[in-house]
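The values are calculated or read from the model by the stated rules, or taken from the named source; none is laboratory data. Given the structure is predicted, the values throughout are model-derived calculations rather than measurements. As a convention, Cβ positions derive from the backbone with ideal geometry for all residues, glycine included, and neighbour counts pool all protein chains shown. To get the accessible areas, we keep the full protein, side chains included, count just its heavy atoms, and leave off ligands, DNA and RNA. Shrake-Rupley method; radii C 1.70, N 1.55, O 1.52, S 1.80 Å.
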Amino acid sequence: MEKSSDILTKEQILIATEDTLRRFGVAKTSVTDVAKVLGVSHGTIYRHFKSKAELLEGVTEKWLKEKIIDPLTEVYQDASMLGKPHLRRYIQTLVELKQYFARDDEEMFEMYTRVTEQATDLIDQHIGHIVDQLADIIVRGGITSDQPAQLARTLFYATARFHHPAHAYEWKNPAIDQEFSNVWALLEKGIS
């Protein structure tokens with residue numbers, strides 16, 4: 001018996017899609033696979049998401065919020081740090097999260113990587129959120145900058161090698177942590 005599409009929520013579809021992606025991987029997951037997991041027709045899924053690409057965007061948005069933005073927001077809200085130590089902790093957390101998921105949640109990280117290449121609006125929003133939090137850390141921490149948003153964006157892109165999915169193959173290098181420390185030391189001197 002098919003579940004009613006009126007009862008089925010986008011959230012349920014996203015959760016089922018995430019489970020299906022973990023089971024089959026991005027390349028082999030279809031909308032039909034997700035529909036089977038939910039006990040509905042693939043047409044029911046298409047009532048909520050226009051295409052597989054839109055469905056993957058939805059899963060990526062949910063994944064980014066839960067796995068990246070929410071933990072970063074905890075660091076952002078941590079009042080025990082100020083200034084450069086707070087900036088470093090925030091960016092280091094971003095690096096650690098991305099590297100962790102690339103290693104320990106390969107299917108979801110692969111999905112995120114693929115969507116990154118196609119869903120520019122979603123990724124721009126994700127980057128914008130991070131840059132806004134970094135800029136606020138700069139202002140609250142008393143770091144002198146005429147343009148805190150520009151400084152935040154510069155720090156984000158200057159450390160991209162350590163958190164952008166295009167560089168994930170480099171993260172297996174045992175020297176990557178030391179390389180991040182070296183880059184951060186240079187950036188920190190430039191901030192002063």
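Are any of the residues in the range 164-178 within 20 Å of Val131 (Cα to Cα) and of a type in the set (Val, Ile, Thr)?
No, the range 164-178 contains no residue that is within 20 Å of Val131 (Cα to Cα) and of a type in the set (Val, Ile, Thr).
How many residues are in contact (Cβ under 8 Å) with a residue 60 or more places away in the chain and either touching a Pro at 6+ places or on another chain (Cβ under 8 Å) or not in a loop (DSSP other than H, G, I, E, B) (or both) if we restrict to the range 156-171?
Within the range 156-171, residues that are in contact (Cβ under 8 Å) with a residue 60 or more places away in the chain and either touching a Pro at 6+ places or on another chain (Cβ under 8 Å) or not in a loop (DSSP other than H, G, I, E, B) (or both) number 5.
For the subset of the range 8-26 comprising residues that are free of Cβ contacts under 8 Å to residues at least 60 places away in the same chain and not in a helix (DSSP H, G or I), which member is most open to solvent (accessible area, probe 1.4 Å)?
Top of the filtered list is Thr9.
Which residue out of Ala158, Ala119, Ala168 is out of contact with any Cys (no Cβ under 8 Å at 6 or more places or on another chain), farther than 25 Å from Gly58 by Cα and not aromatic (Phe, Trp, Tyr)? If you could, list the steps in order and put the result at the bottom.
Values: Ala119 fails: farther than 25 Å from Gly58 by Cα; Ala168 fails: farther than 25 Å from Gly58 by Cα.
Selected residue: Ala158, the only one of Ala158, Ala119, Ala168 that is out of contact with any Cys (no Cβ under 8 Å at 6 or more places or on another chain), farther than 25 Å from Gly58 by Cα and not aromatic (Phe, Trp, Tyr).
Go through Glu110, Glu117, Glu96 for me and flag whichever is free of Cβ contacts under 8 Å to residues at least 24 places away in the same chain and within 27 Å of Gln178 (Cα to Cα). Give the derivation first.
Values: Glu110 fails: free of Cβ contacts under 8 Å to residues at least 24 places away in the same chain; Glu117 fails: within 27 Å of Gln178 (Cα to Cα).
After ruling out the rest, the residue left standing is Glu96.
Looking at the structure I just gave you, is Ala175 closer than 22 Å to Gln118 by Cα, of a type in the set (Gly, Ala, Ser) and surrounded by fewer than 18 Cβ atoms within 10 Å (Cβ to Cβ)?
Numbers: closer than 22 Å to Gln118 by Cα: no; of a type in the set (Gly, Ala, Ser): yes; surrounded by fewer than 18 Cβ atoms within 10 Å (Cβ to Cβ): yes.
Considered against the rule, which asks whether it is closer than 22 Å to Gln118 by Cα, of a type in the set (Gly, Ala, Ser) and surrounded by fewer than 18 Cβ atoms within 10 Å (Cβ to Cβ), Ala175 comes out as no.
At pLDDT 90 or above and out of contact with any strand residue (DSSP E or B) (no Cβ under 9 Å at 6 or more places or on another chain): which single residue out of Leu21, Leu64 fits that description?
Numbers: Leu21 fails: at pLDDT 90 or above.
Residue meeting the stated conditions: Leu64.
Kindly indicate whether Thr44 is in contact with a Gly (Cβ under 8 Å, 6 or more places away or on another chain) and hydroxyl-bearing (Ser, Thr, Tyr).
On the way: in contact with a Gly (Cβ under 8 Å, 6 or more places away or on another chain): no; hydroxyl-bearing (Ser, Thr, Tyr): yes.
No; evaluated as a whole, the condition is false for this residue.
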